[in-house]
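Please treat every number below as a calculation from the coordinates, not as lab data. Please read all numbers here as calculations on a predicted model, not as lab measurements. We place every Cβ from the backbone using ideal geometry, glycine too, and count neighbours over all the protein chains shown.
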């Protein structure tokens, strides 16, 4: 793969310019470009510039409003709803998170529901923002059906990621963000291309049989949840919280509503936050640090999120796929 | 296995009498006996009378107070703490749940932290009670270290169960309650006894190597989380919520504090609840029912909790291990 070194500032500019040229207003373009740039900065390249062609497709097909004006509603004193006005999710999230922080700092617990948005980004942006405010964050979202519930052979769940962040005083937070699918379909396709096998449990072939052959999964087969029926139960919870409790589309509904332009489908996101200070009390940080000491003293264990935070220390340019840059350049 | 048919009323009486004979007061004995009886009623026999010898051991060693008087503290208007006064958890939980229901019906979201209790029971009791009040419930607890984090070869996490319940109008709720360990050590021991293999990923042998031989796991080996590093991330979240956020013992601390009498170790529990009515609005039940229709239309899929609710329809006697009954009978 040929790559071109591009500074983080330039990554931001390329993203923003391309979005504006395709119908985003300044605020919406900035919100999306920030998440794209942060993803590249942290080495989460699958959520970086790679997503721009999809964002543009959704703007061009008018599926997504580039000038969305999200509105806030206080559902209760603890639960905030942001209606994303059918724009990209980062726009709604950047309005909602400071509100969620305020509520949670006051009451110890808060809920933020994001609805009527189109979601394509990682979830660690929002949980990490909560942890940087000394709050615990949990976020999840459903997406287009691609995963069969344990026992079934047809897709119902989305990749249904869940993200969790735990704050640490004077340290970078513990954060993870993972699909409840065994693997992203993109990874399965890469394994097929490279002639690698995938572990049993990754997916089923078109006849509903377990297989370690990735091309059988990618061609008419289906992904499975991680970890068998237990992972399936977590994926079910994600579906119910981010669609049922948010009051937005379940994965199967998102598929019905989508115009297949390749951009992000419509859907909601569920975010909750807790204040360890108000719930556990003054000792919360010392106590959890004792646990992290135990954990990192075990050989072979790394705290989730450390890799991204290490990547972040490098303020230099990022090597971007040259072909991708050409594609983005053509999206004038 | 020889069994003796015992009515549910009799199961309750046996449990209660045995607990009272060993130092429980009436209220504490009733709380524990209820959870034991409900477990037998639902076919969750590993949480039924099977637990009585452990409860008794903990009373006899004075690790657990049989006359605990839990106290309530409002941490915030949304977060309730029940201090269990070093008694059995069901006593604290039965005081906390109605308070959590009240808070959540008012504000859409609520948190209940249970601390200074000894926990041995299933968690579906509490999440299901929330769902029966048309609330969503999530509960988790840490326990004695028996599970190695992904990548490690030594235990740090407990079996760390998580329970989730979703309410359904005029229907039994969707409820699950599962260890984040790949398997209970008891099940591994049964597989070893019966000469069965266990799946790779269940645990490691004493040299830290993956094995499908259950006796290698049971003898000096260690369990793994379900689903590899993703399940490990869920187990980590459980540990942090139920100990870090509750402000009670992490699994490794519970082990240090325990007197090894075979009864339940000390620890906390984290419970949260959400009102779908206040957060998703009037349509919440119809909307989630559409999803359940899709899910149950898939061949091979069952909604979690249905098996227990079916067992419950049988109001007749339960077949109890005769040897266990003799043991309990001897605990006068």
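When the scattering of the protein assembly as shown is computed by the Debye formula from its Cα atoms alone, each counted once and equally, what is log10 I(q)/I(0) at q = 0.08, 0.12 Å⁻¹? Computed log10 I(q)/I(0) values: -0.59, -1.36. Sorted from closest to farthest, the other copies place their residue B:71 label points 4.9 nm away, with each point set 7 Å from Cα along Cα→Cβ. Considering only alpha-carbon pairs that sit under 8 angstrom and 6 or more positions apart, the relative contact order computed for the stretch B:225-332 is 13 percent.
Between copies, residue B:327 shows label-point distances of 6.1 nm, shortest first, with the point placed 7 angstrom from Cα along Cα to C-beta. For the stretch A:121-260, the relative contact order comes to 25 percent (Cα pairs under 8 Å, sequence separation of at least 6).
Debye-formula intensities of the stretch A:263-332, expressed as log10 I(q)/I(0) at q = 0.11, 0.21, 0.26 Å⁻¹, are -0.65, -1.07, -1.12 (one equal scatterer per alpha-carbon, no solvent).
Of the two radii for the stretch B:1-113, the radius of gyration is 1.05 times the Kirkwood radius, both from the alpha carbons; that is the Rg over Rh value.
Equivalent ellipsoid of the stretch A:291-332: semi-axes from √(5λ) of the C-alpha gyration tensor, largest first, are 38, 11, 8 Å. Normalised by 2.2 N^0.38 Å, where N counts its residues, the alpha-carbon radius of gyration of the stretch A:108-150 equals 1.41. Put in order of Cβ neighbour count within 10 Å, fewest first, the listed residues B:103, A:45, B:111 become A:45, B:103, B:111. Debye calculation, C-alpha points only, no solvent: report log10 I(q)/I(0) for the stretch A:234-274 at q = 0.15, 0.23, 0.24, 0.30 Å⁻¹, in the same order as the q values. Summing over Cα pairs of the stretch A:234-274 leads to -0.37, -0.74, -0.79, -1.01. Ordering A:33, A:44 by the number of other Cβ atoms within 10 Å of each residue's own Cβ, fewest first, gives A:44, A:33.
Each principal axis of the Cα cloud of the stretch B:49-120 was taken in turn, and the coordinate range along them, longest first, works out to 42, 22, 13 Å. Calculated translational diffusion coefficient of the stretch A:138-214 (37 °C, 0.692 mPa s; Stokes-Einstein with Kirkwood radius over alpha-carbon pairs) equals 232 µm²/s. Counted over all Cα-Cα pairs of the stretch A:196-332, pairs farther apart than 25 Å make up 63 percent. Label-to-label distances for residue B:102 across copies, nearest first, come out at 3.0 nm, using points 7 Å from Cα in the beta-carbon direction. Rg over Rh for the stretch B:239-304 works out to 1.26, both radii taken from alpha-carbon positions and Rh defined as the Kirkwood radius.
Dividing the convex hull volume of the alpha carbon atoms of chain B by its residue count gives 141 Å³ per residue. Its Cα gyration tensor gives the stretch A:194-248 an equivalent ellipsoid; the semi-axes, largest first and in whole Å, are 27, 12, 9.
The rotation axis taking chain A to chain B passes closest to this chain A residue's Cβ, listed with the gap in Å: A:227, 1.
Where the alpha-carbon atoms of the stretch B:170-210 are placed on the principal axes, they occupy 52, 22, 14 Å, in descending order.
On a per residue basis, the convex hull of the C-alpha atoms belonging to the stretch B:137-179 measures out at 60 Å³.
Per-residue mean of foreign Cβ neighbours for B:282-289 is 3 (Cβ atoms of other chains, 10 Å radius). If you average the sequence gap of Cα pairs under 8 Å that are 6 or more apart and divide by the length of chain B, what percent do you get for the contact order? RCO, chain B: 22 percent. Remark on the stretch A:37-170: hydrodynamic radius 16.2 angstrom, per the Kirkwood mean of 1/r across alpha carbon pairs. Cα centroids of the stretch A:40-81 and the stretch A:281-332: how far apart, whole angstrom? Comparing the Cα centres of the stretch A:40-81 and the stretch A:281-332, I get a distance of 22 Å. Working note: Cα atoms of the stretch B:92-174, range along each principal axis, descending, whole Å: 46, 28, 22.
Note on B:299-307: average number of Cβ atoms from other chains within 10 Å of each residue's Cβ is 4. Ordering A:196, A:107, A:119 by the number of other Cβ atoms within 10 Å of each residue's own Cβ, fewest first, gives A:196, A:107, A:119.
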